[in-house]
1. What's the minimum Cβ distance from chain B to the axis relating it to A, in whole Å, and which residue gives it?
2. Which residue fluctuates most in the GNM of chain B (Cα springs below 10 Å): B:ASP82, B:ASP91, B:ASP101?
3. With θ set to phi - 60°, apply the Karplus curve 6.51 cos²θ - 1.76 cosθ + 1.60 along segment A:64-71 and write out the HN-Hα couplings as whole Hz, x wherever there is a Gly or Pro.
4. Could you work out which residue, out of A:ASP66, A:ASP16, A:ASP84, moves most in a Gaussian network model of chain A, that is, has the largest mean-square fluctuation with Cα springs under 10 Å?
5. Just from its helices, what would the mean residue ellipticity at 222 nm be for the protein assembly as shown, if runs of 4 or more DSSP H residues each count -39500 (n - 2.57) and the sum is divided by every residue, rounded to the nearest 500 deg cm²/dmol?
6. Amide H to amide H, which residues 5 or more places from B:TRP62 or on other chains are under 5 Å from it, using H placed in the peptide plane?
7. Probe radius 1.4 Å, ligands and nucleic acids left out: can you give me the accessible area buried at the B-A interface, summed over both chains, in Å² to the nearest hundred?
8. Roll a 1.4 Å probe over the protein chains and send me the accessible area per residue for segment B:5-92 in Å².
Protein chains: 2
Amino acid sequence: MSLDPAIAARLKRTGDGLVPAVVQQYDTGEVLMLAWMDDEALHRTLTTGRATYWSRSRGAYWVKGDTSGHVQHVRSAALDCDGDTILLKVDQVGAACHTGDRTCFDADRLEVTSG
Amino acid sequence: MSLDPAIAARLKRTGDGLVPAVVQQYDTGEVLMLAWMDDEALHRTLTTGRATYWSRSRGAYWVKGDTSGHVQHVRSAALDCDGDTILLKVDQVGAACHTGDRTCFDADRLEVTSG
């Protein structure tokens with residue numbers, strides 16, 4: 001089995017065949033991380049309910065939490081208006097970030113001039 | 001003036017020099033959209049407080065709301081743990097999506113097997 005052709009037809013992939021997935025905690029709304037999926041990673045995510053990504057650095061599929069225990073149970077998934085981004089709402093067990101932070105965006109705030 | 005070299009040194013860009021920016025409504029937590037920035041777009045965003053992106057389809061800078069009126073006032077910005085994603089928290093005027101939807105993820109839900 002592979003990704004539903006009706007979904008595959010709507011996906012717009014980068015040159016390397018990937019789509020970014022924004023991962024959000026379903027109840028608090030925290031943006032936890034961004035990861036990358038190819039068709040197979042999306043298929044596995046939708047059919048297992050466990051967030052599964054393509055690791056660009058390792059060149060391998062990666063079921064979030066398989067090593068760390070910090071599993072993401074998928075509550076919902078959506079494509080954006082032009083099919084080039086996925087939004088996953090998950091229930092994150094423990095820390096989303098490999099640094100131990102709750103989210104990957106906790107440590108490096110940038111100063112903004114208000115507009 | 002260009003992007004603070006201390007920030008530029010932490011950015012990890014795709015092959016085409018871009019970094020994805022996840023855009024979130026600062027108070028409700030809604031994920032509104034994903035867009036792309038190069039160094040100059042990030043510089044303009046941080047120094048004007050108006051979300052500014054690089055349009056891959058048009059090959060041009062794009063100040064969100066200049067055409068539609070649907071401005072994004074930036075409340076905060078952060079880099080993720082490995083410097084390859086930006087999280088912008090904004091106050092979105094009107095609809096974030098060019099379709100008129102509040103967010104770009106409202107229209108295309110994907111079915112998930114719960115895990």
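1. B:GLY29, 1
2. Per the Cα network of chain B with a 10 Å cutoff, B:ASP82 tops the list.
3. Each residue's phi maps through the Karplus curve to give 3, x, 4, 8, 8, x, 8, 5 Hz.
4. A:ASP16
5. On the way: 4 runs with 28 residues, N = 230.
Computed ellipticity for the protein assembly as shown at 222 nm equals -3000 deg cm²/dmol.
6. B:TYR53, B:SER55
7. By this definition, chains B and A bury close to 3500 Å².
8. Working: 3470 Å² over 88 residues.
Using a 1.4 Å probe on heavy atoms only, each residue of segment B:5-92 averages 39 Å².
The values are calculated or read from the model by the stated rules, or taken from the named source; none is laboratory data. In this text, all values refer to a predicted model and were calculated from it rather than measured experimentally. Ideal geometry is used to build each Cβ from the backbone, glycine not excepted, and the neighbour counts take in all protein chains shown. Ligands, DNA and RNA are excluded from the accessible area calculation, which covers all protein heavy atoms including side chains. Shrake-Rupley method; radii C 1.70, N 1.55, O 1.52, S 1.80 Å.
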